[in-house]
Amino acid sequence: MKRLFNEHEIRTVIDLNGAWKFKTDPDKVGIKQKWQFGLAQGDTVVVPSVWNNELGLLAYEGWGWYEKKFNTSVDASLRLEFGSVMTAATVWLDGEYVGEHYGAFTQFEFVVLNVKAGAHTLVVLADSTIDGKSFPQRYTDWYNYGGIARDVQADVLNGVSILKNHIIYELSEDLKSAKICSEIELINAKNEACSSPVTVTVGDTLIYDGSVTISAYEQVSFKTPWAVMESISLWDTDTPTLYTVVAKTDCDDLIDKVGFRLIETKNNDILLNGRSIELLGVNRHEEHPDWGFAFPPKLMKKDLDLICDMGCNTIRGSHYPNSRIFLDMMDERGILFWSEIPMWGCGFGPKALADPDIVNRGLNMHKEMTRFYYNHPSIVIWGMHNEIDTSNPCTVELTKSYCEHLRKNGGNRLITHASNHPLNDLCMDYNDIICINIYHGWYNYYGGSGSLKDWDKFVVDLKNRLTEKGWYGKPVIMSEFGAAALAGFHSHFDTVRWSEEYQRDLLEYTIELFHKTEYMRGTYVWQFCNIRTSFSMDINRVRYFNNKGLLDEYRNPKSAYFKVRELYTKYAKEK
Ligand code: ADA
């Protein structure tokens, strides 16, 4: 995976980005015609990318075949790693079925054992078809792109190799030292039993020095004994100290970064390393009209620069796991991140939410998110789902199961879901923080009249509801609110919707109100910049864009950008 640092110094990694052969398959004939053995013809495309940005393919939904040729120089096992294939992927190596994966935004891997040295053909069938079990569903407020949207690589494994190394730690009460261990997963990639030393270091501290013997092609995972690290420097927003983690065997390594920090809640407050913090944030889609979800790192840096310039200390990765390299950037810059899965909105109605396949797909996405993203200190919030029908008893069970997984395997993070009907939500027992998406002043549903003044009543009603349910005391975050503005459309009348002035004034009113509401501890404006939406959205999505960005889709600021910058910069100084 492309990171801000090399993940390996010992392991041989074959970069499979770059030119691939590509062919659409609207009639789904590829398998019958044996395209899994290789594509006779096809266009050349550059991976990572989404096919919708190719001429004529904007609206193409369905099967897309990709082929890549590469060579290996030794007999070995291969670990194939994919950052994101949209939305389902089936993979063949040299005509042999390797495996399949569902879910557009989570990283996944297959280990193919005993691959002979020589020339290889890797074929990937990407399927963007939306059906009754899709994540997200047809009615979704972002674009259903298809293709191999993030990096692909093949790792050459021989002998005892490392698949996972989670660094688990507990800080001492004074936050000056930590008990630390590693949860490590190893595979013997050879066709004979192998023994190897295994070491894990964090910064300069050797936290594990052991050895293993593993039978041919077996996998093992274990937790190392606790070690102690003294005099640690904390990871914080102003001083995001990172430590390099190196796990090693006699023939393999895995390098990562960690930061030590403590996020917790107390009364209505959020504490980072014991210090009260107000979350000043934006929702951001990792999307651009020219690249779709194959978002280039150069632009990630630019987005982050703009977001930091606005005075933000946090980003919500609405509505799916973001790229690893973007997480690395936030780790380095001390930005707090909310990571969630694309279980989005009203598309997931009661029937879908009762479907065990859908529930399991969601759980699996949570498992992949925690498996690959565990070590990133920037992730301080896990989002279980967004605006699904949480007034429905079957959603309570689903939420409980996601929460159990995240509490057990998710490290020190706050758990939540974003609710757009907090006054009859049944699932908030599981949340550490209460997160609310409401658009008073823009939409007129959920008890609102569409008027800005609805907000004043809302903050009172919400407090009453939270008190009545025993939830008062959990910090409340306004996770979405805002209004659309067409960039460049101005009006002398501050009541004219779609104008930059209306959006700016609505955000000023709401952000100031939330800032002074005693039980609220943060705001995520909807949204950082405009995004392309699906054609299933109604006429409200002018140009088929969600126009609620503080910037347009090419990152040019609207008036609201400057207003939010003024307010957030002022609040950041109050800390
Ligand atoms: C919801 C949803 C967002 C976006 C927003 C809007 O809250 O979570 O993805 O669709 O509404 O613009 O209406």
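The values are calculated or read from the model by the stated rules, or taken from the named source; none is laboratory data. Owing to the predicted nature of the structure, the values given are computational and were not obtained by experimental measurement. As a convention, Cβ positions derive from the backbone with ideal geometry for all residues, glycine included, and neighbour counts pool all protein chains shown. Remember, those area values only see protein heavy atoms, side chains included, never the ligands or the DNA or RNA. Shrake-Rupley method; radii C 1.70, N 1.55, O 1.52, S 1.80 Å.
Quick check on the stretch 116-163: what does the Kirkwood estimate of hydrodynamic radius come out to from the alpha carbon pairs, in Å?
On the way: mean 1/r = 0.0676 Å⁻¹.
After inverting the mean inverse Cα-Cα distance, the result is 14.8 Å.
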task: Quantify how much of the Cα-Cα distance distribution of the stretch 264-573 extends past 37 Å, in percent.
output: 9
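At a 10 angstrom cut-off on C-beta neighbours, averaged per residue, how do the peptides 204-213, 389-398 rank from highest to lowest? Walk me through the intermediate numbers first.
Working: 204-213: 14.0, 389-398: 17.5.
Top of the packing list down: 389-398, 204-213.
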- prompt: Amide H neighbours of Cys435 under 5 Å, counting only residues 5+ apart in sequence or on other chains, H built in-plane at 1.01 Å?
  reply: His417, Ser419, Ile477
message: 7 Å from Cα along Cα→Cβ at both Glu518 and Asp75: what's the point-to-point distance in nm?
response: 7.4
task: Hey, could you get me the Stokes-Einstein D for the chain, Kirkwood radius over alpha-carbon pairs, 4 °C and 1.567 mPa s, rounded to whole µm² s⁻¹?
output: 52
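Which order do the peptides 431-438, 554-561 take when ranked by the mean count of other beta-carbon atoms within 10 Å per residue, highest first?
Numbers: 431-438: 23.0, 554-561: 19.4.
With the highest mean Cβ count within 10 Å placed first, the list reads 431-438, 554-561.
Can you pull the Kirkwood radius for the stretch 160-258, inverse mean 1/r over Cα pairs, to one decimal in Å? Spell out each step's value before the answer.
Values: mean 1/r = 0.0702 Å⁻¹.
It works out to 14.2 Å.
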query: How large is ³J(HN,Hα), in whole Hz, for each residue of the stretch 270-283 in order, when computed from phi with the Karplus curve 6.51 cos²θ - 1.76 cosθ + 1.60 and θ = phi - 60°, using x for Gly and Pro?
result: 10, 10, 10, 6, x, 10, 5, 9, 9, 7, 10, x, 10, 7
Accessible surface of the chain [probe 1.4 Å, protein heavy atoms]: carbon and sulfur percent: 51
message: Can you list residues from other chains, or at least 5 along the same chain, whose modelled amide H is less than 5 Å from the amide H of Leu16?
response: Val152, Gln153, Ala154
message: Using the Karplus curve 6.51 cos²θ - 1.76 cosθ + 1.60 with θ = phi - 60°, what ³J(HN,Hα) values do you get for each residue of the stretch 27-43, in whole Hz, with x for Gly and Pro?
response: 9, 6, 9, x, 5, 4, 8, 6, 5, 5, 7, x, 9, 5, 10, x, 7
- request: Two decimals is fine: what's Rg over Rh for the stretch 496-556, C-alpha atoms, Kirkwood radius as Rh?
  value: 1.05
- line: For the stretch 192-305, the percent of all C-alpha pairs falling in each 10 Å bin, from 0 up to the bin holding the max distance, is 10, 25, 25, 26, 13, 1
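Could you work out [θ]222 nm for the chain from helices alone, using -39500 (n - 2.57) per DSSP H run of at least four and dividing by all its residues? Round to the nearest 500 deg cm²/dmol. Intermediate results must be reported in sequence, preceding the final value.
Numbers: 8 runs with 110 residues, N = 575.
Computed ellipticity for the chain at 222 nm equals -6000 deg cm²/dmol.
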statement: Spelling it out for Thr241: with amide H atoms placed in the peptide plane at 1.01 Å from N, the residues 5 or more places away or on another chain with amide H under 5 Å from its amide H are Trp235, Asp236
- request: State in Å² the accessible area per residue of the chain; use a 1.4 Å probe, count heavy atoms of protein chains only, and round to the nearest integer.
  value: 38
- prompt: Does anything in the stretch 267-296 have its amide N under 17 Å from the 7 Å Cα→Cβ label point of Leu55, and if so which residues?
  reply: none
field: Of all DSSP beta bridges in the chain, antiparallel share, percent nearest 5
entry: 75
- line: For Val212 and Val228, extending 7 Å from Cα along the Cα-Cβ vector and measuring point to point gives, in nm, a value of 2.8
task: Between Asp43 and Asn6, take the C-beta separation as r, use R0 = 35 Å, and let me know the FRET efficiency to the nearest 0.05.
output: 0.65
message: I need the GluC sites (Glu not before Pro) found in the stretch 479-537, filtered to DSSP loop residues with at most 14 other beta carbons within 10 Å of theirs.
response: Glu518
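For the stretch 324-482, report the % of Cα-Cα distances exceeding 24 Å. Mind dumping the intermediate values first?
On the way: 4666 of 12561 pairs.
Every Cα pair in the stretch 324-482 considered, those over 24 Å come to 37 percent.
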query: Highest mean first, what order results for 239-245, 135-141 on Cβ atoms within 10 Å?
result: 135-141, 239-245
field: Those residues of the stretch 177-201 whose amide nitrogen sits under 16 Å from the label point placed on Asn114, 7 Å along Cα→Cβ
entry: 188-194
task: Provide the gained length on full extension for the span Ala572 to Leu363, in nm with one decimal, where the gain is 0.36 nm per separating residue minus the Cα-Cα distance.
output: 71.6 nm
